[in-house]
Amino acid sequence: MQTDRIAEPWGTRTPYGPGEAWPTRVDTHLADGVAPEDVDRWVQSATILHSNGDGLDIAVKDGEIVGVRGREVDRVNHGRLGPKDLFGWQANKSPDRLTKPLIRRNGKLVETDWDTAMDAVVNRTKELLDEQGPSAISFYTTGQLFLEEYYTMGLIAHGGIGTNHVDGNTRLCTATAAAALKESFGCDGQPGSYTDIDHADVIALYGHNMAETQTVLWTRVLDRLAGPNPPKVICVDPRMTPVAREATIHLAPRPGTNVMLMNALLHEIIANGWVDSDYVQAHAVGFAELEKRVADYPPEVAAEVCDVPAEQIREAARVLGQAERLLSTVLQGFYQSHQASAAAVQVNNVNIIRGMLGKPGCGVLQMNGQPTAENTRECGADGDLPAFRNWSNDEHVKDLAKVWNLDPMQIPHWSPPTHAMQMFRYAEEGSIRFMWVQATNPAVSLPELGRIREILAQERLFLVVQDIFLSETAQLADVVLPAATWGEKTGTFTNVDRTVHLSEKAVEPPGEARPDLDIFIDFSRRMGLQDKDGQPLVKWDDPEGAFEGWKDCTRGRPCDYTGLSYEKLRGGSGIQWPCNAENPDGTERIYVDGQFWAAPDYCESYGRDLVTGAPLSPVEYKALNPTGKAVLKAVEYLPPHEIVSQEFPFQLITGRTLYHFHTRTKTARAPQLQKAAPEVWVELSASDAADRGFTEGDLLEISTPRGRVEARLRISGIRPGVAFLPFHYGYWDSPSGHEPGGKRGRAANELTLTDWDPVSKQPIFKTAAAAVRRLSKGKGSPSLAPTTTGSRPVTADVPPTTGGPAAAVTEQMAATGGVK
């Protein structure tokens, strides 16, 4: 059957019951005029425009990508694909791809050859190393490269250059996930598995609009809801998202009050005796302090602060407290808000005190926002040491130095790694004078964009941008390096539930574009980076060699890859780490029987104070948790730093839409996706609009102390007092990034503030105070915001979002059951 997958983003239902296999449904989309029999070959890969990690095959005809189909055998998606998967591949073929290196001459970027471009990068690096040392050099990467590329870059930056200034845009989306897991379990790594959806009787989503951020995972939930004995769903979100519309209980708290809400839920669970006392006694520390802290947060107190009815809080706590199999998921609504890590840790606390870990249907997924964010963290490309080694543990540093054949003192570990927000501050102050940006667009994605553009445009900062398009950031660069992208290179990547996929090269990159791995290796060779025996620091020349090097680095660590190989990943499904001699087929769930990676001599982190962010010392951690149990951490609620006022009466939150990814660098070049969400909009509640005489489609100005944005109004189901802007839209109109006719304030991050969580250092995008005024009436023309998503209008006279024939996707249902 064929379905318009813009109008029906999650496709056709295939209901199933608890404990049953999720039925397969293979989704296929090919270019106009191409039939399945016309395809020359199908090349194994996985999705790259969200964090779900859906297995797919790339269709190749006459040396070009002509479509995709879901992999029926894959454990993650059982053949299904989301709209970004189905249509986003068209960006690879965009005529404005970067095909030659660019260098700035007389103030303008001009084409050059690779030798000239790389010589400029290498010469400036050497000059600054001689003049100032490694502290002048920084690397700002992404969540969209391959594992092999992150590991190689981390080796070069930490081991070769010796800089502590290494981070990724994963700081904006997944840093709190890692921080929360470290605080509770001593180590990164998701306890749960996607298959927990098949077994759970309660699924709680905290600040996680799964329907739009992980569409296929939400499809799995929808199929459970359509089957016998469906799970109950709890949704915590100030917007009426598709998740909220399906929820048994929808809690819509004021932005910035998540800790207050979580403390009230924990208060009720503990007060009613819904605690697995035997599990807590055997496998956790800190319960007495948690019980004492949350005693001060009854539902009545939370109701006043969160503006959520106390009875709703009690009912949600009852569902959580009486669940037999509880799956909890968390994403940006918690991560990008006030007290981010503290709130995410409280979610962990719920599952720990209920004993809901390590069993089918019982788990926590502290979600990622990007497809390879997990690899950024594993490989040390976000500042951490590779393979979840502990910066504060000298034995871990010595072990890594042995793997890299370096003196331990060559690896910077005398202070915490520099997080992205601090890196940009150092660049602003002038101590960082070289920044290499890879596959990300900070000129649109970081907070307070006016400030960020000024930093990137400084003459004293040598800016290198490695990307596939001339993004807003690339236009400010001194050197632009054209990169190959997904489908044009080979590598592996790992999704949220630890599933490792192999993505094979399907076609050649355009022009002179090169794989990121090749660029990093070339840089290392030109720099003459060596180990302590005088041999090349980077000892591999291709992706598989890099993967084998990574396997050696993971041996004996939590994310053990030693049982994996390219050959093992070919032809079948993805495989979950740890995969080693003890677990040759991978590991579905970790922390089974209360066995954690939290022992003082093994853990990745000793943890931090949840209010101040101050790190615990090894002595403090050993005293707290000598035998490596889960840690229950209590925290008080504190008000947000920027609060509403008479001048700025709205709380501004930003977020994603189903049809775009990040700054639209790729998705704006896919016609079906761009048509579905072509321009920025702002959401207000019906009551807020009525109070001000606003109507659907009015052109509004949204302002904060930092800037202004113009956007058409969508009157949606958002809670009163809150305004929502999608952050995907850059400063300029055209997807190429060129400014066609004067600046229009469209970028949500013109308005957000320079503030971050004290523990994870993740920026706070969701508690700015804003004002809204009308610039002109809509005159009956509605906003072009999608109607299928969290931006669904409350009025009935808005045309529905559809894709038409161009969005038709073939859905092939399984004749029998699905795959495990």
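Summary table below
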read-out: Cα-Cα over 25 Å, subset of Lys675/Lys777; Lys532/Lys761; Lys551/Lys666; Lys359/Lys402; Lys93/Lys568; Lys398/Lys551; value: Lys532/Lys761; Lys551/Lys666; Lys359/Lys402; Lys93/Lys568
read-out: Point-to-point label distance, Trp114-Asp62, nm (Cα→Cβ direction, 7 Å offset); value: 2.8
read-out: Cβ-derived FRET efficiency at R0 35 Å, Asn229 paired with Ala282, nearest 0.05; value: 0.70
read-out: Overall form of segment 512-636 per C-alpha gyration tensor (a/c, 1.5; a/b vs b/c); value: oblate
read-out: Shape category assigned to the chain from the gyration tensor of Cα positions, a/c cut at 1.5; value: rounded
read-out: Estimated translational D of segment 746-820 in µm²/s (Stokes, Kirkwood radius over Cα pairs; 10 °C; 1.306 mPa s); value: 88
read-out: Hypothetical label at Met813: residues of segment 3-19 whose amide nitrogen lies under 15 Å (7 Å Cα-Cβ projection); value: 3, 11-17
read-out: Rounded FRET efficiency, nearest 0.05, which uses the C-beta distance separating Thr627 from Asn272 and R0 of 25 Å; value: 0.30
read-out: Prolate/oblate/rounded label for segment 1-148 (Cα gyration tensor, a/c 1.5); value: prolate
read-out: Label-point gap, in nm, between Ala806 and Ala690 - each point 7 angstrom along Cα→Cβ; value: 3.8
read-out: Cβ-based charge dipole, the chain, positive-most Cα from Gln132, Thr789, Val464; value: Thr789
read-out: Linear extension gain, Gln322 paired with Ala295, 0.36 nm per residue minus alpha-carbon span; value: 7.7 nm
read-out: Label-zone membership for segment 3-42, site Val73, 7 angstrom Cα→C-beta point, backbone N under 16 Å; value: 24-26, 42
read-out: Nearest-0.05 FRET efficiency for Glu679 and Thr795, computed from C-beta distance (R0 30 Å); value: 0.95
read-out: Extension reserve of the Glu454-Asp130 stretch, reckoned as 0.36 nm per residue once the Cα distance is removed; value: 114.0 nm
read-out: Additional length obtainable on full extension of the chain from Arg13 to Arg526, 0.36 nm per residue less Cα span; value: 179.2 nm
read-out: Rel. contact order, % - alpha carbon contacts under 8 angstrom, at least six apart, segment 650-789; value: 36
read-out: Whole-Å semi-axes of segment 650-789's equivalent ellipsoid (Cα gyration tensor); value: 21, 21, 15
read-out: Relative contact order (percent, whole number), segment 121-252, Cα cutoff 8 Å, 6+ residue spacing; value: 16
read-out: Charged-residue dipole, Cβ positions (Lys, Arg, Asp, Glu), segment 189-301 about Cα centre, Debye nearest 20; value: 340
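Only the coordinates and a few stated rules stand behind these numbers; no lab work does. Keep in mind it's a predicted model, so treat the numbers as computed, not measured. Every residue, glycine as well, gets a Cβ built from its backbone with ideal geometry; the counts of neighbours run over all protein chains shown.
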